[in-house]
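Undergrad: One structure, as C-alpha cells, below. Some questions next.
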Amino acid sequence: MSTLKSIEEFLGKKKVEEKNSTQKKFEEKMQDIRVKEKEAEVEAKAGSAGFPYIDLVGFAISPDTISLLPKDRALKLQAVVFLYTGAEIRIGTVDPGNPEVNETLFQLTERTHTKGAIYAVSRHSFDAAIKIYDAVPEVRKITRGVEITEEELKKFQTEIANFKQLNERVQQASVTDVVTIIIAAALRAEASDIHIEAEEKEIAIRYRLDGILYPVGSMPHERWKEIISRVKLLSNLKINITSAPQDGRFTIFLANDKVDVRVSTIPTSFGESVVMRLLRSAVQGLSFSDLGIRGKAFAQLEREIQRPNGMIITTGPTGSGKTTTLYAVLNFLKNPELKIITLEDPVEYKLEGINQSQIDSSKEYTFAKGLRSIMRQDPDIIMVGEIRDVETADVAIQAALTGHLVISTLHTNDAAGAIPRFLSMGSKPFLLAPALNAVIGQRLVRKICSKCVTADNLDAEIEKRVIETLKAISPQAEIKVDFKNMKFYKGAGCDACGGTGYKGRIGIYEVFIMNKKTEQVILSEQISEYKMREVAADNGMVTMAQDGLLKALDKITSVEEVFSVAE
C-alpha cells in the first residue's frame with residue numbers, strides 16, 4: 001500500500017509540474033505576442049511620423065558607443081546611442097519627436113564630425129538597451145559636467161591673444177567649439193561673468209572684467225538657436241522653453257581645479273539673454289589678511305570676529321564683495337573645535353569643514369526658517385547669506401545674544417546705514433544695541449596694472465577734493481598723510497591688462513566698531529544715517545573714500561577709480 005501511495009504522490013506531483021510548465025510556457029508565449037504587438041504598434045506609429053524604427057532587444061551595442069551619451073541624460077531623454085561607426089551615429093528613443101533629442105544628436109554629430117539619425121524604439125526595447133550601461137567600465141563612465149582639458153586651453157590661448165582674435169575665431173568655429181572658446185578665453189582673461197545676448201542683427205558676447213562689462217565679440221543672429229541650445233544642454237535647462245527665465249549650472253573640470261558655472265537665461269525681444277557666472281574655487285583660499293582692511297581697523301575687526309558672540313554685518317550693493325568677505329572671515333575662524341553652519345542663496349563655493357545649507361523658497365525653506373532650524377544644531381558660528389526681513393533679523397539678533405557669533409550681509413550704502421536699516425525693518429533698539437559687534441561697509445575698486453603703471457597728474461579741482469577728503473580723517477584713526485609729497489598713479493594700458501590700465505580688484509572698507517556711546521545713541525531712538533556717520537567718525541572710522549585714497553597713495557588704485565565707486 002505504501003509503495004502504491006508513493007507512486008500516486010509521484011504521479012500527482014509530476015502532473016502539477018507539467019501543468020505549471022505548460023502554464024508558464026503559455027504565459028511566456030502570450031508575453032511574446034504582446035511584445036510583438038507593441039513593437040508593431042511602435043513601428044507603425046514611427047512610419048506614419050516619418051521616423052525609422054528599430055528593435056534593440058539583442059542588438060549588439062558596445063560600451064564605447066552607449067557611453068557617448070551619459071546615463072543620466074539617456075534616462076532623462078529616454079534615448080540611447082545604439083550605433084557609432086566613426087562616420088555615422090544613431091540614436092534610438094521612445095519619443096523621436098522630442099526637440100531635446102534632436103538637439104542632443106546635433107551636438108553629438110558636431111562633436112564626432114559624423115552624420116546622424118534618430119530611430120523610434122519601444123519602451124521594452126529602451127529598457128533592454130539601458131541595461132548595457134551596467135557593463136560600462138567605471139573609467140569610461142562620463143563625468144557629469146563639461147570638461148575642458150589643459151591641452152584645449154593651451155591651444156585656444158595660443159590662437160587667441162586678444163579680443164579681436166577671439167571675435168575672428170568664433171565666426172568660423174563649430175557650435176561646440178564656440179562655447180568652449182568663449183569659456184576658455186573668459187578663464188584666461190579672469191572674467192567673472194560671460195554675457196551672450198541675442199540682438200536684432202547679431203549675437204553679442206561680453207565679459208565682465210574687474211566689475212566692468214567689455215564687448216569681446218559677436219556672431220550672426222542666425223547662429224542663435226544652436227548657441228543657446230548648446231548652453232542649455234550643458235546646464236540642464238529645457239531647450240523648448242524660451243518665454244520664461246531658467247536657472248542652471250554646470251562644471252568645468254580642469255587638471256588641478258574646477259570652475260562652477262551658474263547659468264541664467266531670460267527672454268528678450270530678439271531671443272534670450274544668457275549670463276554665465278564663473279565661480280572659481282580659488283576664492284575659498286582667500287585669507288582674512290588679504291582682503292585689504294588695514295591698520296587700526298584691521299586690528300579692531302580681528303578682535304571683534306574672535307568674540308564668542310555678537311553680530312558682524314557687511315554692507316554694500318550687489319557685487320561689492322560681501323560674500324567674499326564672509327568666506328574670508330569663515331576661513332579665518334575655521335577650527336575643528338567649532339561648529340560652523342551657513343545659510344546661503346545660493347551656495348556659491350563649497351568650504352571644507354563647514355556645514356553649508358541652501359535656501360529654497362519654493363519649499364518654504366527661507367532664511368528665517370532655516371535660521372530657527374540651525375539654532376537646534378548647536379552651532380558656535382552662523383553665517384546668514386542676507387538679512388532681508390524683520391523675522392530673519394530678530395532670529396539673528398536673538399542668536400547673537402545667546403552665545404553665538406552671527407555674520408551676515410545687509411543692503412545699505414555704507415556702514416552707518418546698517419543701524420537705521422535694522423530699525424526701519426522693525427528690530428527692537430534694546431536688543432540690537434548689545435547684539436552688534438561691528439559693521440563693515442565695502443566696495444570693490446580696480447587695481448592699477450603693475451605692467452603699465454605711470455604717474456597721474458590730478459587737475460586742481462580733483463586734487464582739492466582729495467585733500468579735503470583726507471584731511472577729514474579722524475585723529476582717532478591714528479593715520480598721518482604727508483600732504484606736501486602726495487603722488488598718485490594710473491595705468492597707461494598695455495597687452496597684459498587689455499588696454500584698460502587695470503588688473504584685478506581689491507576692497508575699500510569702512511569698519512564701524514560698536515561701543516558704549518554707540519549703544520546709547522541706538523537706545524535714544526533718535527537715529528539717522530547722518531547721526532551714525534558722525535558717531536562713527538568720532539570713534540575713528542576711516543570712510544571707504546578715505547581708505548580708497550590711502551590705497552591710491554600706496555600705488556594700488558587710482559583716484560579716478562576711488563571716486564567712481566565711493567563718495
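Undergrad: Determine, for Lys131, Lys164, the number of other Cβ atoms within 10 Å of each Cβ, and report the residues in order from fewest to most.
TA: Going from sparsest to densest Cβ surroundings: Lys131, Lys164.
Undergrad: How big is region 146-281 by Rg and Dmax over its Cα atoms, in Å?
TA: When restricted to the Cα atoms of region 146-281, Rg and Dmax are 13.9, 41 Å.
Undergrad: Which of the three applies to region 270-385, rounded, prolate or oblate, going by the alpha-carbon gyration tensor with a ≥ b ≥ c and a/c under 1.5 meaning rounded?
TA: oblate
Undergrad: Sort the following peptides by mean Cβ neighbour count (other Cβ atoms within 10 Å, averaged over residues), highest first: 394-403, 335-344.
TA: By packing density, highest mean first, the sequence is 394-403, 335-344.
Undergrad: Let me ask something else. If we count every other residue with Cβ under 15 angstrom of Thr543's Cβ, Lys/Arg +1 and Asp/Glu -1, where does the sum land?
TA: -1
Undergrad: Note the full-extension length gain between Lys296 and Asn167 as 0.36 nm times their separation in residues minus their Cα-Cα distance, in nm to one decimal.
TA: 41.6 nm
Undergrad: While we're looking at this one, here's another question. Based on the mean of other Cβ atoms within 10 Å per residue, sort peptides 211-221, 504-514, 42-52 so the most packed one is first.
TA: The most tightly packed comes first, giving 504-514, 211-221, 42-52.
Undergrad: Please work out the Cα center distance from region 462-494 to region 335-351, rounded to the nearest Å.
TA: Using only Cα atoms, the two centres lie 39 Å from each other.
Undergrad: Work out from phi, with θ = phi - 60° and the Karplus expression 6.51 cos²θ - 1.76 cosθ + 1.60, the ³J(HN,Hα) of each residue of region 101-108, listed in order in whole Hz, and give x for Gly and Pro.
TA: 3J(HN,Hα) across region 101-108, in whole Hz: 5, 5, 5, 5, 4, 4, 5, 5.
Undergrad: With the dipole of region 474-526 worked out from charges on the C-beta (+1 for Lys and Arg, -1 for Asp and Glu) around the Cα centre, which of Gln476, Phe512, Gly491 lies farthest toward the positive end?
TA: Gly491
Undergrad: To continue, here is another question. Angle, helix 150-159 long axis vs. longest principal axis of the chain, Cα atoms, 0 to 90°, nearest 10?
TA: Approximately 60 degrees, to the nearest ten.
Undergrad: For Glu199 and Ala244, compute 0.36 nm times the residue count separating them, minus their Cα-Cα distance, and round to one decimal in nm.
TA: Using 0.36 nm per residue and subtracting the Cα-Cα distance, I get 14.4 nm.
Undergrad: Here are some values of Cα Rg over 2.2 N^0.38 Å: [x] 1.31; [y] 0.98; [z] 1.05. Which one was computed from this structure?
TA: [x]
Undergrad: Pull up all non-local amide H partners of Asp456: gap of 5 or more, or a different chain, and H-to-H distance under 5 Å with H placed in the peptide plane.
TA: Result for Asp456 returns Phe488, Tyr489, Lys490.
Undergrad: When ranked by the protection proxy of mean other Cβ atoms within 10 Å per residue, highest first, what sequence do the peptides 232-240, 168-176, 58-66 form?
TA: 232-240, 168-176, 58-66
Undergrad: What is the gain in length, in nm to one decimal, between Ser474 and Glu37 on full extension, counting 0.36 nm per residue of separation less the C-alpha to C-alpha distance?
TA: Fully extending the segment from Ser474 to Glu37 adds 148.4 nm.
Undergrad: Once both axes come from the Cα atoms, what is the angle between helix 460-471 and the longest principal axis of the chain, in degrees from 0 to 90, rounded to 10?
TA: Orientation of helix 460-471: about 90 degrees from the principal axis.
Undergrad: A further question follows. Using the alpha-carbon atoms, what tilt in degrees (0 to 90, nearest 10) does helix 295-305 show relative to the longest principal axis of the chain?
TA: With both axes taken from Cα atoms, the answer is about 50 degrees.
Since every read-out is calculated from the coordinates, none of them should be taken as a lab result. Predicted, not measured: the structure shown is a model, and the values here were computed from it. With ideal geometry, Cβ positions are generated from the backbone for all residues, glycine too; neighbour counts draw on all protein chains shown.
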